[in-house]
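This report concerns only the one structure given below.
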Amino acid sequence: MSEEQQFYVPPGGPPRVNAPSPEIYAVMGEKNIFAMLADFYAQLETSSIRGMFPRDMLRASRKSAAFFVGLLGGPPLYHQKYGSPMMRARHMPFPIDEVARQVWLDCFEAVLADAPEKYSFPPEHLPQFRQFLVAFSGWMVNKA
Ligand code: HEM
């Protein structure tokens, strides 16, 4: 295998973390989740990893939001539109190292800080959702 084809594999393997509570979708609904992801992508737009993302960030945010609707307990919009998520595989074209992961998490954190007020995110589920993002983002890292 040539150098370029060797991907870093996080030593812990796939994340062992509970899926976020389906109550999150039950409380927020689809509109709030799409709004939260639009604001998250607006954060990414001004971040140091902006270059990895497509020009149209609102459009990109909608694709991600479809995934988060299902993840948070709603209908499987992403699966229906785009098929199996295979998230680690879909992130392979982008060089994601620990620095990029931290920037990504910081952008999400900026949005979560006032998510209960802005998007009706149920605050009791925030700690577990943060844990999920920390664990799952580790599995997207493909570059040492
Ligand atoms: C570790 C830091 C991460 C970075 C730097 C990152 C970066 C990216 C990039 C560059 C794209 C492609 C955007 C596009 O072409 O539209 C993408 C797509 C996506 N990401 Fe991430 N990502 C990270 C973690 C995550 C995590 C933890 C999740 C889910 C919990 C996630 C969910 C998604 C989804 C649903 C898409 C859309 C996939 C598709 O194009 O079909 N990402 N991400």
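The values are calculated or read from the model by the stated rules, or taken from the named source; none is laboratory data. Remember, predicted model here, so these are calculated numbers, not experimental data. Every residue, glycine among them, receives a Cβ derived from its backbone with ideal geometry; neighbour counts consider all protein chains shown. For accessibility, only protein heavy atoms count, side chains too; no ligands or nucleic acids. Shrake-Rupley method; radii C 1.70, N 1.55, O 1.52, S 1.80 Å.
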With the charge dipole of the chain built from beta-carbon charges (+1 for Lys and Arg, -1 for Asp and Glu) about the Cα centre, the Cα from 79, 37, 61 projecting farthest to the positive end belongs to 79
First measure r as the distance between the Cβ atoms of residue 9 and residue 63, then evaluate 1/(1 + (r/R0)^6) with R0 = 25 Å and state the FRET efficiency to the nearest 0.05. 0.50
What's the extension gain from residue 53 to residue 144 if we count 0.36 nm per residue and subtract their Cα-Cα distance? 30.7 nm
As an exercise, use a Förster radius of 22 Å and the Cβ-Cβ distance of residue 114 and residue 17 to find the FRET efficiency, rounded to the nearest 0.05. 0.35
Computed over the chain: longest principal axis from alpha-carbon atoms vs helix 23-45 long axis, angle to nearest 10 degrees, is 50 degrees
Rounded to the nearest 500, what is the chain's calculated 222 nm mean residue ellipticity when only DSSP H runs of at least 4 contribute -39500 (n - 2.57) each, over all residues? -18000 deg cm²/dmol
Got a number for carbon plus sulfur as a percent of region 35-144's accessible area, 1.4 Å probe? 58 percent
Per residue, accessible area of region 11-53 with a 1.4 Å probe, heavy atoms of protein chains only, in Å², comes to 56 Å²
Give the total of Lys-Lys pairs in the chain with Cα-Cα distances below 20 Å; include a pair only if its members are 8 or more places apart or on different chains. 4
